[in-house]
Amino acid sequence: MIYFDNSATTKPYKEVLDAFVTVSQTYFANPSSIHSKGGETERLMLQARKTVAGLLSVKPNEIIFTSGGTEGNNTAIKGIALKHQERGKHLITSEVEHASSYETFHYLESLGFEVTCLPVNRKGEISLEQLENSIREDTILVSLIHVNNEVGTIQPVVDAGKILKKFPKVFFHVDHVQGIGKVPLNLKEAAIDLCTMSGHKFHGLKGTGILYKREGVSLSPLLTGGEQEINVRAGTENVAGIVSIAKALRMSFDKMDAGVETMNRVKEQILEGLSDIQGISINTPADGSPHIINFSVDGVKPEVLIHTLDQKNIYVSTRSACSSKQAGPSRILMAMGLGQKRANTAIRISLSYENTLEEAEIVLKELKNAVVQLQTVMG
């Protein structure tokens, strides 16, 4: 099996699975319980919080554990909008956000908020000048994706953060789900107030996530009913999941330097090979993230190509997993101005630290055979 769909989800590390099972079996007490077993579980959770905070160079009380990227984005965006709406109802985002952010802004528009959606260039990048010019007296939030989940474009969030320092009343949220473990981001340097991460994107488990909330930032909680997670997320904590995501983050950070170097080599080989196949257009920018390659195949339906590769035990995707079953052109590629033809025929390859040059060679060979065969049939 060659698994090239790591932006959709990664295979959990064995140690992460082992940690989840051990904690589930041994530390199953409710951490809110006042007996000794509850205290043991609470201490385990506090240690995981300290571990994550240390890895991200932030304070433990700035870490909120969530169920993943969608919850993190919803909590940050709705939480700021609803909490601070008396000060202003203007929000800024971009046209290339993940669906969990993009649809959240549409929802807030139905509640009377005004949203400015920044356009992007053909590389998928926003203009920092346009960002600054879009900020108004009633602006309360800027929310940007760090690494685009479909094409791998890296947004200039550090420079955006520097601009926003001039507007201290504007909160800054970054969706770091695809960047964590692949494209380093210093949360303090970028002056980020809220940052979303998801465990299953860095070899953790589905249903686990992290939301960084800078000390002093107040949110309206999505879930009420208890004081868990610094009064932001009520409900009994998923202690086994929390311990497992701390383990996954530590392991990913330990492997990151060598892993990113490997991904860059594999990506370079794939891009070189794709350039030799007739009818293929590369959609990913040259300076994109090390793990995502997006390309379009002229005259071939992407789902047919995916199923053809599937029969060879090669697994790739069309776009983000959240949108992969939707018909129609890619919203991201359309926003980049690449046209409906390319937006309708896009394929995404996404790598992990474990993928190899040998795998890339096999995929390129099978891809070339499949494209030639399908172009003949469909032509």
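We did not get these values from a lab; they are worked out from the coordinates using the rules stated. Only a predicted model underlies this, so the values are computations on that prediction, with no experimental measurement involved. Using ideal geometry, Cβ is built from the backbone for each residue, glycine included, and neighbour counts are taken over all protein chains shown.
Using the alpha carbons of the range 227-362, what is the convex hull volume per residue in cubic angstrom, as a whole number? If you can, show how the numbers build up before the last one.
Values: hull volume 23.4 nm³, N = 136.
Per-residue hull volume (Cα only) is 172 Å³.
Does anyone have the angle between helix 239-274 and the longest principal axis of the chain? Alpha-carbon axes, 0 to 90°, nearest 10? Compared with the principal axis, the helix lies near 20 degrees. Extension gain for Lys166 to Gln340 (0.36 nm times residue separation, less C-alpha to C-alpha distance): 58.8 nm.
Share of Cα-Cα pairs in the range 75-140 beyond 19 Å, in percent?
Details: 683 of 2145 pairs.
That tail contains 32 percent of the Cα-Cα pairs.
Over the Cα atoms of the range 239-304, the radius of gyration divided by the Kirkwood radius equals 1.16; this is the Rg/Rh ratio.
Extending 7 Å from the Cα toward the beta-carbon at both Leu271 and Ser127 defines two label points whose distance is 2.6 nm. Each 5 Å bin from zero up to the one holding the largest Cα-Cα distance in the range 36-149 carries the following percent of pairs: 2, 10, 17, 17, 16, 14, 10, 6, 4, 2, 1, 0.
Working from the Cα coordinates of the range 155-312, the gyration tensor eigenvalues give, after taking √(5λ), semi-axes of 35, 21, 16 Å in decreasing order. Projecting the Cα atoms of Ser252, Gly112, Val142 onto the dipole axis of the chain, where Lys and Arg carry +1 and Asp and Glu carry -1 at the beta carbon, places Gly112 farthest toward the positive end. Here the peptides 31-37, 336-342 are ranked by packing, the mean other Cβ count within 10 Å, and the order with the highest first is 336-342, 31-37.
Normalised by 2.2 N^0.38 Å, where N counts its residues, the alpha-carbon radius of gyration of the range 1-87 equals 1.43.
Quick check on packing: order 193-202, 234-243 by the mean number of other C-beta atoms within 10 Å, highest mean leading.
By packing density, highest mean first, the sequence is 193-202, 234-243.
When only alpha carbons of the range 174-254 are considered, Rg and Dmax amount to 13.3, 37 Å.
Against the empirical 2.2 N^0.38 Å (N residues), the chain has a Cα radius of gyration ratio of 1.01. For the range 264-321, the residue among Pro285, Ile270, Asn313 whose Cα projects farthest onto the positive side of the dipole built from Cβ charges is Asn313.
Using a simple spin-label model with pseudo-atoms 7 Å out from Cα toward Cβ, Ala99 and Asp310 lie 1.7 nm apart.
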